[in-house]
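Single-structure report; data block below.
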């Protein structure tokens, strides 16, 4: 028996500047069902709608049409700050997921209290501090003994590792990763991706990961979705994905989209 859907996207449509000469159909009737615990990678050329899809799911803006259900609940019109209690998110910019003027301890406390209505003071108890140290130690970046340090003093890689930890420590219903290794140097990016894979697997987190890197998309996750012009044009399961190469994906895109994929260094790193 298949796992119940953690995320149901039905007829999702997003139009920017409707009825004007600048009208853009960013999402065009997207249907997507993601079983609980599934790790999905999403690829596509620039402007294909990948990040717009994550923004719509996160509640950054309301859809023009369609519906979104998370763990069986209709969240289509739910405010972003309410939805964030159930959704963890890591952005491309390492600075986006942390509060730089606050300490490591305070940032993690906020994450631990993501789904609770408690004050920050309750978030930094001795037991929670122990949990923080345990979680930070697994990053292998030497920050577990720096709980009182301001996040602004961390390197980009350390901050992105912090963002990943903050997004997952409360075990959200859904994890959204938007090119979260793209701004890092290759060595740090590989470390963050390894941590991502370990955390997603251990906690069985339902995950959507947007990436330009086709090799990453093939190497990670149980399912691959290719987007073009606001549509999900290819949906590949794990068995088929394991047999594909980057060249296969490029040819597939050309076949379904009718144009060449803009192959650049980012696709093959």
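The table below lists the values:
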item	result
Residue satisfying all of: in the stretch 221-234; surrounded by fewer than 22 Cβ atoms within 10 Å (Cβ to Cβ) and either at positive phi or part of a loop (DSSP other than H, G, I, E, B) (or both); nearest to the chain's Cα centre (by Cα) among these	222
All positions within the stretch 14-44 that are over 20 Å from the mean Cα position of the chain (by Cα) and either part of a strand (DSSP E or B) or buried (at least 20 other Cβ atoms within 10 Å of the Cβ) (or both)	15, 16, 24, 25, 28, 29
Out of 192, 199, sole residue that is farther than 25 Å from residue 101 by Cβ, at pLDDT below 95, buried (at least 17 other Cβ atoms within 10 Å of the Cβ) and under 15 Å from the mean Cα position of the chain (by Cα)	199
Single match in 66, 47 (criterion: assigned to a strand (DSSP E or B), on the phi > 0 side of the Ramachandran plot and surrounded by 14 or more Cβ atoms within 10 Å (Cβ to Cβ))	66
Answer residue from the stretch 69-79, given it is under 19 Å from residue 167 (Cα atoms) and touching a strand residue (DSSP E or B) at 6+ places or on another chain (Cβ under 9 Å) and is surrounded by the most Cβ atoms within 10 Å (Cβ to Cβ) among those	70
Test set (1) surrounded by 19 or more Cβ atoms within 10 Å (Cβ to Cβ); (2) closer than 21 Å to residue 207 by Cα - residue 60 fails condition number	(1)
Selection count where residues are modelled with pLDDT of 80 or more and in a helix (DSSP H, G or I), scope the stretch 95-129	8
Test: residue 55 is more than 17 Å from the chain's Cα centre (by Cα) and assigned to a helix (DSSP H, G or I)	no
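The values are calculated or read from the model by the stated rules, or taken from the named source; none is laboratory data. As the structure is a prediction and not an experimental result, all values here were calculated from the model. Reconstructed Cβ throughout: ideal geometry from the backbone, glycine too, with neighbour counts over all protein chains shown.
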